[in-house]
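Step one of this worksheet: look at the structure below.
Only the coordinates and a few stated rules stand behind these numbers; no lab work does. These figures come from a predicted structure and were not determined experimentally. We place every Cβ from the backbone using ideal geometry, glycine too, and count neighbours over all the protein chains shown.
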Amino acid sequence: MKKNILKIWGAAALILLAGACTKNFEQYNSNPYGVTNDEMLRDGYALRAALTGMASAVISNDVNTTQFTECLLGGPMAGYLADSNQGFANTISNFNPTDNWTNVLLSSNRIIPTFFSNYGDVRNMTDDPIILSIANVVKVAVLHRVADTYGPIPYSQIGVGGKIQVAYDSQEDAYKHMLEDLDAAIKVLAANRGSNINASADVVYHGDVSKWAKLANSLKLRLAMRMVYADRAAAQKAAEEAVASEAGLLSSNEDNARYDNFNANAKNPFYVVQVEYNGGDSMAAADIIAYMNGYNDPRRAAYFGKSQFEGYDYVGLRHGIVMPANDVMHKYSTVNVKMDDPFVWMNAAEVAFLKAEAAAVFGFNMGGSAKEFYEEGIRLSFDQWGVAGAEAYIADATSKPGVYVDPIGSNSYDGSLSDATIAWEENADTARKQEKILIQKWIANWLLGNESWADIRRTGYPHILPATAEGNKSNGLVDSQFGARRMKYPSDEYINNGANLRAAVGLLGGPDEMATRTWFDCNPNVK
């Protein structure tokens, strides 16, 4: 199998090094650096380069791409980050973004083309089931983020014949295909979980096939809960299958899926954006700090830098506002991130909270009680961040989220975002249980903004700060409290893939606007 793997990834790396493109990527078959295939295979470079290239498309290792997808889109929409560059006139937070702000997840050559420049070659050149299965797990990890942002996306036809500009699937069909891909991958990976691939080539699990199997099951559970209001029966089937799988799910922080390839020569792009760019274009958001201040959460020191406002240890900046004209942005709490921190795709705490919600709210068989899963999720998160005090936090039945007071006064919020306490309440109603679970899951998923934004749209929890009347610049299109439900399709797609995109808008079921709800966003209690 080792020989087969090297053959696959050697050719794939040549495509990656030749550079990604938006169509006909299969035509690239020569190495511009003059290194032969045999030379690349002998030193193992090809295997590492190609697999790293595939993985880099989940959360991009490119600074500009990361800034748009994580800092300016997912972060603010999830209540994790707030824009702090006073030169920004058109932002996602203000609901008036320009196309270059909203098109990145679908049109950037750092995401779909980077992945498929490797994935397509793998499928064309090998029938090795382990490698193909890992490729399909990464494919789902990449494309479900895209689907959750726009709705219908190219999925079943993408890469066929070397093309990316193809017909779209409805989001419902895309999810069905993703679950099919995961099921096929789980079958293979579960049967081969005692095997390993080249450790130096795998920047996520360092060659451990058993952990790829756990990630596949965990992604299946994530997708199941995403679609639970749209197709409860299918969601229950997928969720219960994932939990019952002999391969297991992410259950300890050693299982966490992490892109771990940053160092002094290849810095974490979030670090570059947030630290090296003189504080960056974003600060920690008022929302999450208000919750964590109210809960006296010990993880604050791991998440945030202290503010420079006198009398405020941690204070966030509100998003969806007209930014103050005076130079105070640097005084709000910053984000703690180091140059070699990994990108976390999915953590064990999230899996525990997914099981807690499935059991408490929907009655799915998760193999245990919601209380057990809820409390385990909190413990796992504290452990992930190296913070003590989980047991006292779990037992806290009195602390509630704090009220947001802006130190400069102009953007304070008059009222509490929630009155939910931390300690589990077995006799609480379903809505209160769901809110508790989603709040703690949100805190544990810090900086996984696109994931948490999807949860907020799906469940309405946690409640985050609305845009101010002056900060909502959508001309009434987007509700300040309800927030953006999706991003608009890239304008280039209307030019280069017009017929397919117009059909996709028909599948969306509403206009191509930020206020249109996607397929999974159909909870009748979120209005």
> With point charges of +1 on the Cβ of Lys and Arg and -1 on the Cβ of Asp and Glu, referenced to the Cα centre of the chain, which listed residue (Leu81, Gly159, Ala247) lies farthest in the positive direction of the dipole?
Replying inline: Gly159
> For the stretch 435-499, which GluC sites (Glu not before Pro) are both in a DSSP coil and crowded by at most 14 other Cβ atoms within 10 Å?
Replying inline: Glu470
> How large are Rg and Dmax for the stretch 52-183 when only the alpha carbon atoms are used, in Å?
Replying inline: 15.8, 53
> Using the per-residue mean of other Cβ atoms lying within 10 Å as a proxy for protection, in what order, highest first, do the peptides 343-349, 228-234, 383-389, 214-220 fall?
Replying inline: 214-220, 343-349, 228-234, 383-389
> Taking the stretch 121-199 as the region of interest, what is the percent of Cα-Cα pairs per 10 angstrom bin, listed from the shortest bin to the one with the maximum distance?
Replying inline: 18, 46, 29, 8
>> Compute the angle between helix 129-150 and the longest alpha-carbon principal axis of the chain, please, reported from 0 to 90 degrees and rounded to the nearest 10.
In response: 40 degrees
> Among the lysines, which fall within straight-line cross-link reach of Lys163, defined as a Cα-Cα distance under 19 Å, with same-chain neighbours fewer than 8 residues apart omitted?
Replying inline: Lys23, Lys139
>> Take Asn525 and Asp327, extend 7 Å from each Cα along the Cα→Cβ direction, and tell me the distance between the two endpoints in nm.
In response: 4.8 nm
>> Which of rounded, prolate or oblate describes the stretch 268-345 when judged by the alpha-carbon gyration tensor and an a/c cut-off of 1.5?
In response: oblate
>> As a test of the formula, what do you get for the chain when each DSSP H run with n ≥ 4 contributes -39,500 (n - 2.57) and the sum is divided by the residue count, at 222 nm and rounded to the nearest 500 deg cm²/dmol?
In response: -13000 deg cm²/dmol
>> If you build the convex hull over the alpha carbons only and average its shadow over all orientations, what do you get for the stretch 197-329? Give it in nm² to one decimal.
In response: 12.6 nm²
> Simple spin-label model, 7 Å along Cα-to-Cβ: Gln157 to Phe88 in nm?
Replying inline: 3.5 nm
> When all C-alpha to C-alpha distances in the stretch 54-122 are sorted into bins of 10 Å, what percent of pairs does each bin hold, rounded to whole numbers?
Replying inline: 20, 47, 24, 8, 1
> How far, in degrees from 0 to 90, does helix 171-191 lean away from the longest principal axis of the Cα atoms of the chain, to the nearest 10?
Replying inline: 60 degrees
> If you take the C-alpha gyration tensor of the chain, multiply each eigenvalue by 5 and take the square root, what semi-axes do you get, largest first, in whole Å?
Replying inline: 35, 26, 23
> Where does the Debye-calculated log10 I(q)/I(0) of the stretch 211-264 sit at q = 0.13 Å⁻¹, using only Cα point scatterers of equal weight, no solvent?
Replying inline: -0.37
> Using Cα atoms only, what is the angle between the long axis of helix 449-459 and the major principal axis of the chain, expressed in degrees (0 to 90) to the nearest 10?
Replying inline: 60 degrees
>> Please compute the length gained on full extension between Ala499 and Asp313, using 0.36 nm multiplied by the number of residues separating them and subtracting their Cα-Cα distance.
In response: 61.6 nm
> For the stretch 271-414, treating each Cα as an identical point scatterer without solvent, what Debye log10 I(q)/I(0) comes out at q = 0.18, 0.21 1/Å?
Replying inline: -1.13, -1.29
> Stretch Ala301-Ala191 to full length: gain in nm at 0.36 nm per residue minus the Cα-Cα span?
Replying inline: 35.4 nm
> Rounded to two decimals, what ratio of Rg to Rh does the stretch 173-216 give with C-alpha atoms and a Kirkwood Rh?
Replying inline: 1.06
> So which aspartates and glutamates pass the test for Lys473, namely a Cα distance under 16 Å, with those fewer than 8 places away in the same chain ruled out?
Replying inline: Asp83, Asp99, Glu513
> Which loop chymotrypsin sites (Phe, Trp or Tyr not before Pro) in the stretch 456-527, with loop taken from DSSP, have no more than 16 other Cβ atoms within 10 angstrom of their Cβ?
Replying inline: Phe482
> Given a Förster radius of 35 Å and the C-beta distance between Asp429 and Asn100 as r, what FRET efficiency does 1/(1 + (r/R0)^6) yield to the nearest 0.05?
Replying inline: 0.20
> Which of the pairs Lys338/Lys441; Lys355/Lys433; Lys187/Lys237; Lys211/Lys371; Lys237/Lys355; Lys331/Lys400 have their Cα atoms more than 18 Å apart in this structure?
Replying inline: Lys338/Lys441; Lys211/Lys371; Lys331/Lys400
> When only DSSP loop residues count, what trypsin sites (Lys or Arg not before Pro) in the stretch 308-399 have their Cβ near at most 12 other Cβ atoms within 10 Å?
Replying inline: Lys338
>> If Rh is defined by the Kirkwood formula over all Cα pairs and Rg also comes from Cα, what ratio Rg/Rh do you get for the stretch 402-527?
In response: 1.04
> What is the P(r) of the stretch 333-378, as percent of Cα-Cα pairs per 10 Å bin from 0?
Replying inline: 27, 34, 22, 16, 1
> Once you charge only the Cβ atoms, +1 for Lys and Arg and -1 for Asp and Glu, what is the size of the charge dipole of the chain about its Cα centre, to the nearest 20 debye?
Replying inline: 640 debye
> When DSSP assigns beta bridges and you keep just the ones with both residues in the chain, what percent turn out antiparallel, to the nearest 5?
Replying inline: 90 percent
>> Using a Förster radius of 22 Å, what is the FRET efficiency between Ala264 and Asn198 based on their Cβ-Cβ separation? Nearest 0.05, please.
In response: 0.35
